[in-house]
Amino acid sequence: MLRLTREIVEGERITCLMITHNMKNALELGNRTFMMDAGRVVLDISGEERKGLTVDDLLERFRAGAGKNLDNDRILLSND
């Protein structure tokens, strides 16, 4: 489904908004990443700044922007 969405977005040159708690997917699939806390944007990364970022990098930038820790997304994505 993600592959098909990407093909349509790129082929038709349209904008697509993906909302996810999976930070790895957000980095791999998007070209701009926002992180929010309590309805406020605390992180907005695009372009060259996104290249090479890891989930740990996002977590650190979230801490700096929001002033609090965020658990790794693995806990959000577990099936237990």
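The values are calculated or read from the model by the stated rules, or taken from the named source; none is laboratory data. Predicted model only: the values in this text are computed from it and were never measured. We place every Cβ from the backbone using ideal geometry, glycine too, and count neighbours over all the protein chains shown.
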For this session: Find all pairs meeting these conditions: Cβ atoms under 7 angstrom apart; at least six residues apart or on different chains; first residue within segment 28-40 and within 11 Å of A66 (Cα to Cα); second residue modelled with pLDDT of 90 or more and in a strand (DSSP E or B).
Result: M35/V42; M35/L43; M36/V42
Exercise. In segment 25-48, how many are surrounded by fewer than 12 Cβ atoms within 10 Å (Cβ to Cβ) and either among the polar types (S, T, N, Q) or farther than 19 Å from E10 by Cβ (or both)?
Worked result: 7
For this session: State whether the residues of segment 14-24 include one that is surrounded by 10 or more Cβ atoms within 10 Å (Cβ to Cβ) and over 15 Å from L70 (Cβ atoms).
Result: yes
